[in-house]
Amino acid sequence: MGKNKLQRFQENKGFKNLYEPSFQEVYRKDYPLKGHWTQKVFKNNHPIVLELGCGKGEYTLALAEHHKRKNFIGIDIKGARLWRGAKTALEKKIENVAFIRTRIELIESFFAAGEVSEIWITFPDPQPKKEKKRLTSPGFLNRYLTFLQPDAIIHLKTDSRPLHDYTRQVVEEWEGMQLLEADTDIYGSGRQSTDPLIAVRTFYEEMFLAEGKPITYLKFSIKTGQGIATLQE
Ligand SMILES: C[S@@+](CC[C@H](N)C(=O)[O-])C[C@H]1O[C@@H](n2cnc3c(N)ncnc32)[C@H](O)[C@@H]1O
C-alpha cells in the first residue's frame, strides 16, 4: 500500500466529520448514531440527503454548499477517497456534511425509519452481469425503504445506458414508485448552464464527459410501507 494512502488512513481517524465503524460494529447491529444524525451530528432538524458511492465527495460538498438547509452524508467504502471530501469539508468549514466509510450493503444499520428524505446515486458501477449488486436493484431499493421518508426522492446519474434503462424499468414496473424525470443526455437536452444538474459535476462525470459519453439522469419518488416484493430479483 502506498505511503500516501497510509497517511490518509491515519488522518481519517482524526476527522470529526468522518465515521468509520468496523464491519463487526455494524453487521446486523445498529450503529449508535442510527436515528440521531440530525440531533447529535448536525445539531439541527434539517432533512438528510445521502450520496451513495460518493468517491471523493465533490458532489456531496457541492450540494451541501448549494442547500444550506439540508444535511448531506456521503457514503463510500474507499477511505483514501473519502479523505479528500472530509478534509475539504473541514478546511472550508462546511458544517452540513458528514461521510461514512462502509459498504452500502450495511446501510440499514445506520439509519432509522423515516430518517432520510433523498438519495443521490452517482455513477455507480453498472454491474452488467450481477443484477443483485446494482444499487438500484429491488434488493437495494428494499434496503433504502427501511429508512426513507414517505415519498422520498431518488436520483440516479450514470453514463451507463443499460443501467439507466434497467432502473427505469424497475421504477415503472412497481406501483410504489413514480418516475418524475428521465433524460438520456442531460448535456444535450437544452438545459440552462445554471441548472444544478449539469452545473455540478462529479469526478467521474467530468471524466465521462471528456470521453464524449452522454450522461443520463433519472429522478423518481418511492413510497414507504410497501416492499418491492412483486419484482423478480
Ligand atoms: C465509479 S465511482 C463514482 C464515484 C463518484 N460518485 C463520482 O461520480 O465521481 C463508484 C464509487 O462507488 C464506491 N462503491 C462501489 N460499490 C460500493 C459499495 N458496495 N459500498 C460502498 N461504496 C461502493 C466505490 O468505492 C467508488 O468510489
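For the stretch 23-61, the candidate set comprises residues that are of a type in the set (Asp, Glu) and part of a helix (DSSP H, G or I); within that set, the residue that is least open to solvent (accessible area, probe 1.4 Å) is 58.
Residues in the stretch 62-99 that are open to solvent by 50 Å² or more (accessible area, probe 1.4 Å), away from the ligand (no atom under 12 Å from the Cβ) and touching a strand residue (DSSP E or B) at 6+ places or on another chain (Cβ under 7 Å): 70 only.
This table checks each residue for (1) closer than 24 Å to residue 141 by Cβ; (2) at pLDDT below 95; (3) touching a helix residue (DSSP H, G or I) at 6+ places or on another chain (Cβ under 6 Å).
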site: 167; (1), (2), (3): yes, no, no
site: 171; (1), (2), (3): yes, no, no
site: 174; (1), (2), (3): yes, yes, no
site: 185; (1), (2), (3): no, no, no
site: 204; (1), (2), (3): yes, no, no
site: 213; (1), (2), (3): no, no, no
site: 219; (1), (2), (3): yes, no, no
site: 231; (1), (2), (3): yes, yes, yes
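Scanning the stretch 105-136 for residues that are away from the ligand (no atom under 12 Å from the Cβ), surrounded by fewer than 21 Cβ atoms within 10 Å (Cβ to Cβ) and within 19 Å of residue 77 (Cα to Cα) gives 108, 109. Taking the stretch 141-195, which residues are of a type in the set (Phe, Trp, Tyr) and in contact with a Phe, Trp or Tyr (Cβ under 8 Å, 6 or more places away or on another chain)? If the condition is that a residue be of a type in the set (Phe, Trp, Tyr) and in contact with a Phe, Trp or Tyr (Cβ under 8 Å, 6 or more places away or on another chain), then 147 is the only one that fits. Filtering 99, 111 for residues that are in contact (Cβ under 8 Å) with a residue 24 or more places away in the chain, touching a Phe, Trp or Tyr at 6+ places or on another chain (Cβ under 6 Å) and closer than 21 Å to residue 28 by Cα leaves a single hit, 111.
Among the residues making up the stretch 145-186, those that are within 15 Å of the ligand (Cβ to nearest atom), outside any helix (DSSP H, G or I) and either among the aromatic types (Phe, Trp, Tyr) or closer than 11 Å to residue 218 by Cα (or both) are 154, 155, 156, 157, 158, 186. Looking for whichever is in contact (Cβ under 8 Å) with a residue 24 or more places away in the chain, closer than 16 Å to residue 120 by Cα and polar (S, T, N, Q) here; the options are 12, 17, 71. Which one fits? After ruling out the rest, the residue left standing is 71.
The values are calculated or read from the model by the stated rules, or taken from the named source; none is laboratory data. Quick caveat: nothing in here was measured; it's all calculated off a predicted structure. Please note: Cβ atoms are built from the backbone with ideal geometry, for glycine as well, and neighbour counts cover all protein chains shown. Just the protein is used for accessible areas: all its heavy atoms, side chains included, with ligands, DNA and RNA removed. Shrake-Rupley method; radii C 1.70, N 1.55, O 1.52, S 1.80 Å.
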